[in-house]
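Written below as structure tokens is the structure these notes are about.
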């Protein structure tokens, strides 16, 4: 595979811009099963974001440290606060301060889950007075809905599992989240169903602290484009059995 050819030498200053401690620290969010999961046998993080992080460290010629979080917001903050050198996030204006994003490498659908008996049949019906929508606090869909929802109430909870539990318990009428995760919830236990289609497309990108400089940002952006074009991202999605995500188109 082209992505696994011997990397070209990289200027020491550029290596240092990323691996300030001599090791590349990658912020990993286990709250998004499309990007990362725990291996059932070993308990170690596995997935597309880990594969990309390891390949980028290989290009730099440095070791890697995975800095693992259960929620997106904590993963973002680690990079913003320079406790990690790179991360894997949904692109959102609310996250832009102090971060620089690449173009997306995968696109993920955000959808709504309702109880089976709900009268809701369409995404457009969700934003009405009296409707409560549970979300994982600080997630991409929380940020999106905070800007877009006008009449319904957003109930922010700690993580996707809590947001789904709130729907089943009757605390809310709707749960918002990653379509793949919601499909899994509907298959696990009857009583809930997905509304058709999607309310947003989540653009998953790599990011680095803005302080690392324009040259470092350009290198990370070029890396993502190569990973898409070479088939690395598509192969990783297939290898990890991921559905519900597509490889993003090349950046213009």
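Here the strands (runs of 3 or more DSSP E) wholly within segment 126-225 that include at least 3 residues being in contact with a helix residue (DSSP H, G or I) (Cβ under 8 Å, 6 or more places away or on another chain), in the same structural domain as residue 19 (by TED's automatic domain parsing) and within 18 Å of residue 74 (Cβ to Cβ) are 200-209.
Out of 205, 176, report the one residue that is closer than 16 Å to residue 133 by Cα, in contact (Cβ under 8 Å) with a residue 12 or more places away in the chain, surrounded by 20 or more Cβ atoms within 10 Å (Cβ to Cβ) and under 17 Å from the mean Cα position of the chain (by Cα). Answer to the check: 176.
If I ask for residues that are assigned to a helix (DSSP H, G or I) and surrounded by 17 or more Cβ atoms within 10 Å (Cβ to Cβ), which ones from segment 50-70 would you list? Spell out how you get there, then give the answer.
Let us first name the residues in segment 50-70 that are assigned to a helix (DSSP H, G or I), namely 50-60.
Within segment 50-70, 50, 51, 52, 53, 55, 56, 57, 59, 60 qualify.
The number of residues in segment 71-90 being in contact (Cβ under 8 Å) with a residue 60 or more places away in the chain, assigned to a loop (DSSP other than H, G, I, E, B) and under 19 Å from residue 213 (Cα atoms) comes to 2. What do you reckon, is residue 43 in contact with a strand residue (DSSP E or B) (Cβ under 7 Å, 6 or more places away or on another chain) and over 19 Å from residue 237 (Cβ atoms)? No; evaluated as a whole, the condition is false for this residue.
Restricting segment 103-122 to residues that are part of a strand (DSSP E or B) and within 19 Å of residue 165 (Cα to Cα), the residue that is nearest to the chain's Cα centre (by Cα) is 110.
Residues of segment 9-54 that are in contact with a helix residue (DSSP H, G or I) (Cβ under 8 Å, 6 or more places away or on another chain), over 19 Å from residue 159 (Cα atoms) and at pLDDT below 90: 10 alone.
Name the residue, out of 182, 237, that is closer than 24 Å to residue 85 by Cα and under 21 Å from the mean Cα position of the chain (by Cα). Spell out how you get there, then give the answer.
Values: 182 fails: closer than 24 Å to residue 85 by Cα.
Criteria check complete, one pass: 237.
Would it be correct to say that residue 119 is over 28 Å from residue 229 (Cα atoms) and in the same structural domain as residue 20 (by TED's automatic domain parsing)?
Numbers: over 28 Å from residue 229 (Cα atoms): yes; in the same structural domain as residue 20 (by TED's automatic domain parsing): no.
Answer is no for this residue.
Taking the condition of being assigned to a strand (DSSP E or B) and either surrounded by fewer than 24 Cβ atoms within 10 Å (Cβ to Cβ) or not assigned by TED's automatic domain parsing to the domain that holds residue 217 (or both), how many residues in segment 29-49 meet it?
4
The values are calculated or read from the model by the stated rules, or taken from the named source; none is laboratory data. These numbers were taken from a predicted model, which means no experiment stands behind them. Glycine also receives a Cβ, built like all others from the backbone with ideal geometry; neighbour counts cover every protein chain displayed.
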